[in-house]
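Everything on this sheet refers to the single structure shown next.
The values are calculated or read from the model by the stated rules, or taken from the named source; none is laboratory data. Everything numeric in this text was worked out from a predicted model, so none of it was measured. Cβ placement follows ideal geometry from the backbone for every residue including glycine, while neighbour counts extend to all protein chains displayed.
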Amino acid sequence: MTAAPVRTLLLWCPDWPVLAAEIVDGVPATDPVAVLHANRVVACSERARAEGVRRGLRKREAQGRCPQLTAVEYDPGRDARAFEPVVAAVEELVAGVEVVRPGACAVAARGPSRYLGGEEVAAERIVEHVAQACAVESQVGIADGVFAAGLAARDGRVVPPGGTPGFLADLPVEALGRPALADLLRRLGVRTLGDFAALPAGDVLARFGFDGALAHRLAAGRDHRPLAVRQPPVDLAVTADHDEPLDRVDAAAFAARALAERLHDRLAAHGLACTRLGIEAVTAHGQELHRVWRHDGLLTAAAIADRVRWQLDGWLSGSTGRAGTRS
């Protein structure tokens, strides 16, 4: 029997790569700004959108629409470093925060709803606290499951318990965040998440593979854990001890790659894949640090290494409080 999706509260910071560029590099987010990756826009500021800049545009076309555009190269490490103080601020109110990606974090809604006076009150309190502590604007969505809560956050919406499948049904397949799959589904005449959810699960698995099957469960508002339920081995942790503390980003990156490869190999040996990653570190002074990263798909060894490196970089940078200096 499949477990029901967990009632989830997700905090989302719009245009996070743009805000991170302001927090870390001083690029004013109130200006027309575009963040570029592989010569295409992956995020842009509100003023840039007002001038017609959109995600997916090539750099030259974006500059043609907005000649005064400031172009910034995408830096996931910068995004993660800047987001760490936001996560820390959320943790001042609630426990068990998981980073979905830089700019979004989630927590089971039951606890904060109970001790903060209800789901809507909890959402308001968290948004206000992040604004006061970090000078960062955010929105909260609450729904059954992380995926639906993330989409609800776009409108600052609380989806009633049990109402998640209906909320998702009319959304376009692009909401899955899998462009290649969405393109294929549209060519097959499947345009909404409801259309996709209505397809037989066995047919989806046979046609689109395991990741497609995970996406199918998301579209239906169901928990996205692996379809073949198996008992994981007791210990899936990998650790590394260092004689000298890691105090440089390049050293942290090297350690991250080694740990990621070991973890990925251990998972593969058991026929498993990584969808949620816990990262722990102990400082030279004995302080224990912990952060959880979540992903809707499957994390490759490279993706695991990236998240470990970003997190270690965030801790090493000592950026706590930096976001609060943004004006």
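Scanning segment 199-231 for residues that are in a loop (DSSP other than H, G, I, E, B) and out of contact with any helix residue (DSSP H, G or I) (no Cβ under 9 Å at 6 or more places or on another chain), which turns out modelled with the highest pLDDT? Break it down stepwise before answering.
If we filter segment 199-231 for residues that are in a loop (DSSP other than H, G, I, E, B), which is where we start, we get 199-200, 220-231.
Going one step further and asking which of them are out of contact with any helix residue (DSSP H, G or I) (no Cβ under 9 Å at 6 or more places or on another chain), we end up with 200, 228-231.
Details: P200: 96, A228: 29, V229: 32, R230: 34, Q231: 43.
Here the answer is P200.
Has segment 172-182 got any residue that is farther than 22 Å from T275 by Cβ and either at pLDDT 95 or above or in a loop (DSSP other than H, G, I, E, B) (or both)? Reasoning before the result, please.
Pass one, segment 172-182, residues farther than 22 Å from T275 by Cβ: 172.
Now drop any that are not either at pLDDT 95 or above or in a loop (DSSP other than H, G, I, E, B) (or both), which leaves 172.
Scanning segment 172-182 turns up at least one residue that is farther than 22 Å from T275 by Cβ and either at pLDDT 95 or above or in a loop (DSSP other than H, G, I, E, B) (or both).
Out of P5, P17, which single residue is touching a strand residue (DSSP E or B) at 6+ places or on another chain (Cβ under 6 Å) and more than 25 Å from C134 (Cβ to Cβ)? Please lay out each step first, then the result.
Numbers: P17 fails: more than 25 Å from C134 (Cβ to Cβ).
The conditions single out P5.
For segment 124-138, check the following and say yes or no: at least one residue is surrounded by fewer than 24 Cβ atoms within 10 Å (Cβ to Cβ), without any contact (Cβ under 8 Å) to a residue 60 or more places away in the chain and of a type in the set (V, I, T).
no
A3 - would you say it is surrounded by fewer than 21 Cβ atoms within 10 Å (Cβ to Cβ), farther than 21 Å from G156 by Cβ, modelled with pLDDT under 95 and among the small types (G, A, S)? Reasoning before the result, please.
Working: surrounded by fewer than 21 Cβ atoms within 10 Å (Cβ to Cβ): yes; farther than 21 Å from G156 by Cβ: yes; modelled with pLDDT under 95: yes; among the small types (G, A, S): yes.
So A3 passes the test.
Please go through segment 114-144 and pick out each residue that is small (G, A, S) and either touching an Asp or Glu at 6+ places or on another chain (Cβ under 6 Å) or under 25 Å from A82 (Cα atoms) (or both). Working first, answer last.
Kept after step one, since they are small (G, A, S), are these residues of segment 114-144: 117-118, 122-123, 131, 133, 135, 138, 141, 143.
Of everything in segment 114-144, those that are small (G, A, S) and either touching an Asp or Glu at 6+ places or on another chain (Cβ under 6 Å) or under 25 Å from A82 (Cα atoms) (or both) turn out to be A122, A123, A131, A133, A135, S138, G141.
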